[in-house]
1. Identify the residue in the stretch 77-96 that is among the hydroxyl-bearing types (Ser, Thr, Tyr) and within 21 Å of Arg151 (Cα to Cα) and, among all such residues, is modelled with the highest pLDDT.
2. What are the pairs, 6+ residues apart or on separate chains, where a residue within the stretch 221-240 that is under 14 Å from Asp51 (Cβ atoms) has its Cβ under 9 Å from a residue that is at pLDDT below 95?
3. Restricting to strands (runs of 3 or more DSSP E) lying wholly in the stretch 132-245: which have 2 or more residues that are of a type in the set (A, V, I, L, M, F, W, C) and farther than 30 Å from Glu15 by Cβ?
4. Need the failing condition index for Leu194 against (1) within 20 Å of Thr95 (Cβ to Cβ); (2) of a type outside the set (Phe, Trp, Tyr); (3) under 17 Å from the mean Cα position of the chain (by Cα), just the number.
5. Output yes when any residue across the stretch 63-74 is of a type in the set (A, V, I, L, M, F, W, C), touching a Gly at 6+ places or on another chain (Cβ under 8 Å) and closer than 18 Å to Cys229 by Cα, and no when none is.
6. Quick one: would you say Tyr205 is surrounded by 13 or more Cβ atoms within 10 Å (Cβ to Cβ) and out of contact with any Gly (no Cβ under 8 Å at 6 or more places or on another chain)?
7. Just one of the numbered conditions (1) at pLDDT below 95; (2) within 17 Å of the chain's Cα centre (by Cα) is not true of Ser3; which one?
8. Looking only at the stretch 17-30, filter to residues that are of a type in the set (A, V, I, L, M) and buried (at least 17 other Cβ atoms within 10 Å of the Cβ); which one of those is nearest to Arg79 (Cα to Cα)?
Amino acid sequence: MTSPADDARTAELAERLGAVRARLAAAVAAAGRPAAAVELLVVTKYFPAQDVRRLIALGERAFGESREPEASRKVAEIRAEVTGVAFDMIGSVQTKKAKVVARWARSVHSVDRDKLVVALEAAAAAALDAGDRADPLGVYLQVSLDGDPARGGVVAADLSALADLVVEAPALELRGLMAIAPLDGPRERWMAELADVHERFQETYPQAVGLSAGMSGDMEPAVHYGSTCVRVGTAILGDRPLLSQ
Ligand SMILES: *Cc1c(COP(=O)(O)O)cnc(C)c1O
């Protein structure tokens, strides 16, 4: 295995990562927000553990994964080598996968139904008991801005029932809201709507300060409207392979 510090792929990642960091810094500055207000979650789904190593060598410490068993395998490899690296689950979670996800994820960004909350609570409690995790599992509730079930998420009207379940679950910690902007219509409009939903949500759940929003194509409007975590894949790693293992 070549050293991740000095191969051609590392150079490519370094260049794209630099461009994304610059975009993010410019967006944060334009919004008049403090530099540390927005976390960059590098989305490494479909890409090998070696790319995660390269990105760690380039200074990144927070990654997003979306598929099992790919995520569990990759996280185990990295955790065997380094500490202090966080992995979040950003993709939809089948209830039967709650157990494995609760062993590796810092947070799950895509919680959108009662049954999943119940499964994650049981799984996170077991993982805490077993010493597989040290802290409660962070939960972002995924909001559906247009009600399209294909993208996942709950409509704003159903958020508080779900949030109450999370608040009552001792092994879970409500972190905030997440959304994927619908493809139609201006992103600014969706992000503005999400910011409204988040503001109202925080009136009842003041601890839910997190807003996971913005991807490669819409980081800027997301940051303008209060995102605290952008999930960026393609702009850093390149196009994902259409087929994968
Ligand atoms: C894949 C994925 C991303 C990253 O999207 P890019 O457009 O590649 O930056 C962000 N969020 C979720 C939920 C994803 O599944």
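The values are calculated or read from the model by the stated rules, or taken from the named source; none is laboratory data. Remember, it's a predicted structure, so these values are computed and weren't measured experimentally. Cβ coordinates were reconstructed from backbone atoms using ideal geometry, including for glycine residues, and neighbour counts include every protein chain displayed.
1. Residues of the stretch 77-96 among the hydroxyl-bearing types (Ser, Thr, Tyr): 83, 92, 95.
Cutting the leftovers down to within 21 Å of Arg151 (Cα to Cα) gives us 92, 95.
Working: Ser92: 94, Thr95: 97.
Within the stretch 77-96, the match that is modelled with the highest pLDDT is Thr95.
2. The qualifying pairs are Gly233/Arg240; Thr234/Arg240.
3. On the way: elements: 137-142, 172-178, 210-212, 229-232.
Per the criteria, 137-142, 172-178.
4. Going through (1) within 20 Å of Thr95 (Cβ to Cβ); (2) of a type outside the set (Phe, Trp, Tyr); (3) under 17 Å from the mean Cα position of the chain (by Cα) one by one, Leu194 breaks only (1).
5. Taking every residue of the stretch 63-74 in turn, none turns out to be of a type in the set (A, V, I, L, M, F, W, C), touching a Gly at 6+ places or on another chain (Cβ under 8 Å) and closer than 18 Å to Cys229 by Cα.
6. Details: surrounded by 13 or more Cβ atoms within 10 Å (Cβ to Cβ): yes; out of contact with any Gly (no Cβ under 8 Å at 6 or more places or on another chain): yes.
Considered against the rule, which asks whether it is surrounded by 13 or more Cβ atoms within 10 Å (Cβ to Cβ) and out of contact with any Gly (no Cβ under 8 Å at 6 or more places or on another chain), Tyr205 comes out as yes.
7. Among (1) at pLDDT below 95; (2) within 17 Å of the chain's Cα centre (by Cα), Ser3 violates only (2).
8. So in the stretch 17-30, the residues of a type in the set (A, V, I, L, M) come out as 17, 19-20, 22, 24-30.
Next cut, buried (at least 17 other Cβ atoms within 10 Å of the Cβ) only: 17, 20, 24, 27-28.
Details: Leu17: 22, Val20: 25, Leu24: 27, Ala27: 32, Val28: 31 Å.
The qualifying residue nearest to Arg79 (Cα to Cα) is Leu17.
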